[in-house]
Amino acid sequence: MPTAYRIGQIVPSSNTTMETEIPALLRAREAVAPERFTFHSSRMRMQKVTREELAAMDDESNRCALELSDADVDVLGYACLVAIMSRGHGYHRESAQRLHQVTVDNGHAAPVVTSAGALTESLKTLGAGKVAVITPYMQPLTQMVTDYIEAEGIRVVDSISLNIPDNLEVGRRDPMLLNDIVDRLKWDGADAVVLSACVQMPSLGAIAGVEERLGVPVVSAATCTTFQMLRALKLSTYIPGAGQLLSGAFDP
């Protein structure tokens, strides 16, 4: 029998993307690897992407970690990049440690991956000292994201804000629109492009094609989170058609 892994996700209540893109990535992996995955979520209330709602939502993350540890998940992903980044530089480390301790105290210890930490750590794995970024956020939140990335030692050479405040609207976007949006991005000199610095903005269908066209690694919050969850499970990070990050080239 193949080894089965339970993937836990803490998601905003209005998120409709991480519960589709991460399963899609891991289903693609199942086609070439023996492991199998099931998916389990707990939700934090959030409708509008504002600092106030993000802070209130993050306060619910302990409850979500506790609920998911009741299911004895093997890894726990905190699927809201901007909620973590809105709490201050480096907060992904504090959040991951706190949520992991919740699972330990509940008798079902599980590693915790935050999408914010996954993005910055995956960019470092790629050796990307300079990046260009696309977000769906209003400009002030995009600035907060770029400041957070730069506080991790990675320079943001350009960014595009799509200025969409409604989280449901973000989730309804056609990922292939990013093919045109990236043409407006001043990515020359960047070591990598973040096609979606948001777990809610769909991008999976565009990543491989944009990467081939630009000739530099192209990632998203979803691909980085998946990469780091596979690492936490001590599995190969190879997923076909998901870009250089998930090519298996960075396995030990």
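The values are calculated or read from the model by the stated rules, or taken from the named source; none is laboratory data. What you are looking at is a predicted structure, and each value in this text was computed from that prediction instead of being measured. Glycine gets a Cβ as well: all are built from the backbone with ideal geometry, and neighbour counts include every protein chain shown. SASA here: full protein model, heavy atoms, side chains in, ligands and nucleic acids out. Shrake-Rupley method; radii C 1.70, N 1.55, O 1.52, S 1.80 Å.
Miscellaneous remarks
- Annotation: aspartates and glutamates with alpha-carbon distance below 15 angstrom to LYS130 (same-chain offsets under eight excluded): GLU121, ASP147, GLU150, GLU152, ASP158, ASP188, ASP191.
- Alpha-carbon centroid distance for the pair the stretch 182-252 / the stretch 105-143, whole angstrom: 12
- Per-q log10 I(q)/I(0), the stretch 70-144, q = 0.14, 0.22 Å⁻¹ (Debye; single scatterer per alpha-carbon; no solvent): -0.53, -1.02
- Approximate spin-label separation ASP183-ALA4, in nm, with each point projected 7 Å along Cα-to-Cβ: 4.7
- Carbon and sulfur %, accessible surface of the chain computed with the full protein complex present, 1.4 Å: 50
- Among PHE250, TYR91, THR146 - extreme Cα towards positive end, dipole of the chain, charges at beta-carbon: PHE250
- Placing a pseudo-label 7 Å from each Cα along the Cα-to-Cβ vector at GLN97 and THR20 gives an inter-label distance of 3.7 nm.
- The region of the chain that goes longest without hitting one of the trypsin sites (Lys or Arg not before Pro) in a DSSP loop, each with at most 14 other Cβ atoms within 10 Å, is 46-171.
- Two-site FRET efficiency, ARG63 against ALA31, from Cβ-Cβ distance with R₀ of 25 Å, rounded to 0.05: 0.10
- Heavy atoms of the protein chains alone define the surface here; on that basis the stretch 65-121 has 35 Å² accessible area per residue at 1.4 Å probe size.
- For Rg and Dmax of the Cα atoms in Å, the value calculated from this model appears in (1) 26.1, 91; (2) 17.9, 61; (3) 16.7, 50 under label (3).
- Probe 1.4 Å, protein heavy atoms only - accessible area per residue of the stretch 181-252 in square angstrom: 36
- Mean separation of Cα contacts under 8 Å (6+ apart) over length of the chain, as relative contact order %: 20
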